[in-house]
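For reference, the structure discussed in these notes is given below.
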Amino acid sequence: MKEMVLNYLIDHSDQAYTRYALICPSCNREWCSTQIAVADDVSAEARKKLATAEAEANFDICLLCGSLVCRSCMAAVGE
């Protein structure tokens, strides 16, 4: 799943902060990672790994379509 998340992460970073996003293809809601200040002593690679782990906690792979979907949509599939 990590590779799938990495392929779909959208970089919303600027010069001051690192932030990534994912858009659920089912509901079109955008999820954003926690914002991390670039000035912090955290490498760009480490910031991306943190965002990936955070995304993995908020998204799942749909068993019906194989897409990366948000937990809200996964809950709706289970109903």
Legend entry - Spatial extent of the chain: Rg and Dmax, with the Cα atoms as the point set, Å: 13.4, 44
Legend entry - Residue-count net charge about Ala53 - beta-carbon cut-off 12 Å; Lys, Arg +1, Asp, Glu -1: +2
Inset, instruction - Between Met4 and Ala76, take the C-beta separation as r, use R0 = 30 Å, and let me know the FRET efficiency to the nearest 0.05. - result: 0.90
Inset, instruction - Can you work out the accessible area per residue across the chain, with the rest of the protein chains kept in place, probe 1.4 Å, in square angstrom? - result: 65 Å²
Legend entry - Full-extension gain in nm, Cys65 to Lys49, via 0.36 nm per residue minus C-alpha separation: 3.2 nm
Legend entry - Cβ-based net charge around Ile10, under 15 Å, with every Lys or Arg adding one and every Asp or Glu removing one: 0
Inset, instruction - Taking the Cα centre of region 1-40 as origin, sum charge times position over the Cβ atoms of Lys and Arg (+1) and Asp and Glu (-1), and report the length of that vector in debye to the nearest 20. - result: 140 debye
Legend entry - Within the chain: Cβ-based charge dipole about Cα centre, in debye rounded to nearest 20 (Lys, Arg +1; Asp, Glu -1): 100 debye
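The values are calculated or read from the model by the stated rules, or taken from the named source; none is laboratory data. From a predicted model like this one, the values you see are computed outputs, not experimental measurements. Note that we place each Cβ from the backbone using ideal geometry, even for glycine, and neighbour counts take in every protein chain shown. All accessible areas refer to the heavy atoms of the entire protein, side chains included, with ligands and DNA or RNA removed. Shrake-Rupley method; radii C 1.70, N 1.55, O 1.52, S 1.80 Å.
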